[in-house]
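Where a number appears in this text, it was derived from the coordinates with a stated rule and is not lab data. Keep in mind it's a predicted model, so treat the numbers as computed, not measured. Note that each Cβ is placed from the backbone with ideal geometry, even for glycine, and that neighbours are counted across all protein chains shown.
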Amino acid sequence: LVYPVAIAGSDATVYIADRRLPGVLAITDGNVSALYKGSKKVGTPLNAVRCIATTDDGSVLVGDSATRAVYRLDDQGSLSVVTKGLIGIPSGIAVLEDGTIIVTDLESGGVWKVSDDGTTDRFADVPGATGVTIQAGNIMVLSRGTNPIVKVSLDGNTLPVVTGRPFGLPLGIATRDDQTFLVADGFEKTIWSVKSDGTFEKVAGGKPFVHPVGISTGGGKTLVVDSRAKSIFEIQSDGTVASLK
């Protein structure tokens, strides 16, 4: 790992978006391989990966600010464009049950939905959006703004779930099976658990975290990627943190 910034998991494989590789790594049974290695030339595909998500069909979605685009990778590492030119800094990707892709844009604060045919629609605004997750069919957007967690409906209505600025720098969000959220806070070196009513508590913090940026709850595991520690950590059920084996 060079500078990992986002993580997405499945039962068999964990995928890492690495900003300075640059590209996407796949970890299967402890073996690390490059699913896609981009060029270091500025403006080329996946030169500046920002976010990542997996889909039910086994493909991987990646947001790239170098080309202002969202891409799809198959299990052979073949790259195709999902949408291009509209989203400045894709900061989070999530997929609704019907396959609709939701993308947040840190640059403009836009929340976008992308249909199967590539039609892209900006349907809401959340300033400072840094990530997105789906909770019980609801779109939950993470922000570094005044309201760090905002519920967004498909018709564009927004409802703050957590208000004020209780977190240092919220950068990654994921939903657990019990429908609580987990938030990776880079400045506080902390993982927060947030309930639907907006109350929250610390799950894990301090060492070994240096700057946790991405979090995933796929495959029954809670995994955190830390860009400055250049590591992946697993949070156990008792809150202890261990390096991913």
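Just a few scattered comments:
- Quotient of the Cα radius of gyration of the range 134-232 and 2.2 N^0.38 Å, N being its number of residues: 1.03.
- Top of GLY38, GLY85, GLY205 by mean-square fluctuation, Gaussian network on the chain, Cα under 10 Å: GLY85
- For the range 51-125, a simple Cβ point-charge model (Lys and Arg +1, Asp and Glu -1, everything else neutral) yields a dipole of about 340 debye relative to the Cα centre.
- Of all aspartates and glutamates in the structure, the ones whose alpha carbon falls short of 18 Å from that of LYS40, not counting any fewer than 8 places away in one chain, are ASP18, ASP64.
- At q = 0.23 Å⁻¹, base-10 log of I(q)/I(0) for the range 33-123 (Debye sum, equal scatterers on each alpha carbon): -1.17
- When the P(r) of the chain is calculated, the portion above 23 Å amounts to 43% of the C-alpha pairs.
- For the chain, a Gaussian network of Cα nodes joined below 10 Å ranks LYS151, LYS41, LYS221 by mean-square fluctuation, and the top entry is LYS41.
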